[in-house]
Amino acid sequence: MPAIVVVGAQWGDEGKGKTTDILGTSVDYVVKPNGGNNAGHTVVVGGEKYELKLLPAGILSPNVTPVIGNGVVVNLEALFEEIETLESRGADTSKLRISANAHLVAPYHQTLDKVTERFLGKRAIGTTGRGIGPAYMDKIGRLGIRVQDIFDESILRQKIEGSLRQKNELLVKVYNRRAVDVEEIVEYFEPFIERLRPYVAETEQLLNDALDRDEVIVMEGGQATMLDVDHGTYPFVTSSNPTAGGSCVGSGVGPTRIDRVVGIVKAYTTRVGAGPFPTELFDEMGELLQKAGGEVGVNTGRPRRCGWYDAVIARYASRVNGFTDYVLTKLDVLSNIERIPVCVAYEVDGVRQNEMPVSQTEFHHAEPVFEYFDGWTEDITNARTFEDLPVNAQKYVLALEELSGCRMSVIGVGPDREQSIVRHDLLD
């Protein structure tokens, strides 16, 4: 059985964790291929809520081997804190495997992230301050520290010295901060060495061997399409590629082994941090969506900006990723709204544009063109088939399917694993 890729189709927080968790009951491996502990997801199992950041959602399924891929940047302190939290609640984390080629987040990455944001002032990106961007900068600049490096003190020390030679110049001369001592960083990593060792593996080989045995792999990209460093709303993006292609690079699984690419999309739209957001609401309706949807960042605690569904973005995400299926989440949040707008196009400088504008300047000035759909008043959280939904909810889903360029295979009607309507089996 080939691999399945799960990708956020908007600006994140679409419900990828729940989708992966649902699939996780039927798959063998769940892989996190990119990002770090800067993006969190919430999974609800049996009424119990679990907030995950670095660990793949599949870690809550006993038969799944969770894998942190080579494309991830790992904060060891955050990793073991998350492991300890799950174990204290009875979860088994012993099957976790971490790529030896994944890069590590050092304390100086977090320092640089925070001081850079302050230095930028009004031009700040709105990062989480967890050092993800600086860690990726070191990776691309060939100054990074990989998981495998901490098992050789000589190599670890050399890499820290090489990285700090440049970092300290920046911290002292530009940001007026103290220099970071090499020994301080060596000592920071030391307690993690033996704790980390049992989890480390050659995960590229592990995953490809699993595919050769016809086992099922799900790759859950962090963040989302519109935060992709190449395809998102640059510069208000993350530092990696959360799109489908990035999952191949970040896992070591080749593109010809991918069978399904599943896009996760909310029935409305949210965003955390700065950047353009054409359908954003600034009124009571925005507050209603925020409250009804529990729209607070898992990782940051920041309220999410809320707006109506944007079919232009959904079509764009479908093209960029090559989606075979969509999972529509949080349809239940829209209950009791009399008329529901959906953005079907933009107007830029008086000209209608049906697809994404060429430039970010145009996108920043895009005004949404809405179509309106009648709402419903029924509670849909107990619906388990498409026919259980009110007629207007069915019409809304079918309209989104047509406007978004991809079939809506699963519909979420609540936060729990069981609160899902399956129209097309994602594993069939």
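Every number in this text was worked out from the coordinates using simple rules, so none of it is lab data. Quantities reported herein were computed from a predicted structural model and do not represent experimental measurements. Neighbour counts run over all protein chains shown; Cβ positions are idealised from the backbone, glycine included.
What whole number of Å gives the distance from the Cα centroid of the range 1-40 to the Cα centroid of the range 83-97? If you average the Cα positions of each part, the centres end up 18 Å apart.
Taking every C-alpha pair closer than 8 Å and separated by at least 6 residues, the mean separation divided by the residue count of the chain gives a relative contact order of 20 percent. Largest first, the three principal axis extents of the alpha carbons in the chain are 66, 51, 39 Å in whole numbers.
Residue order for His41, His424, His231, fewest other beta carbons within 10 angstrom first, comes to His424, His231, His41. Going down the list Lys32/Lys53; Lys95/Lys330; Lys114/Lys173; Lys18/Lys291, which pairs span over 22 Å between their C-alpha atoms? Beyond 22 Å: Lys95/Lys330.
Residue-wise HN-Hα couplings along the range 419-428, as the Karplus relation 6.51 cos²θ - 1.76 cosθ + 1.60 with θ = phi - 60° gives them from phi, are 8, 9, 10, 9, 8, 9, 5, 6, 9, 7 Hz; Gly and Pro carry x.
Could you tell me how many degrees, from 0 to 90 and to the nearest 10, lie between the Cα long axis of helix 107-120 and the main elongation axis, the longest principal axis, of the Cα atoms of the chain? Roughly 60 degrees between the two axes.
Ranked by the mean number of other Cβ atoms within 10 Å per residue, highest first, peptides 235-242, 261-268, 280-287 order as 261-268, 235-242, 280-287. For the chain, the longest principal axis of the Cα atoms and the long axis of helix 311-321 meet at an angle of about 50 degrees.
For the range 133-243, a/c is not less than 1.5, where a ≥ b ≥ c are the root eigenvalues of the C-alpha gyration tensor, and a/b does not top b/c. That puts it in the oblate class. With a simple spin-label model that places each label point 7 Å from the Cα along the Cα-to-Cβ direction, the separation between Glu190 and Thr256 comes to 5.0 nm.
Taking amide H atoms as placed 1.01 Å from N in the peptide plane, the amide H of Val105 lies under 5 Å from those of Val74, Asn75, Leu76, each 5 or more residues away in sequence or on another chain. Among Lys95, Lys49, the ranking by other beta carbons within 10 Å of each residue's beta carbon, starting with the fewest, stands as Lys49, Lys95.
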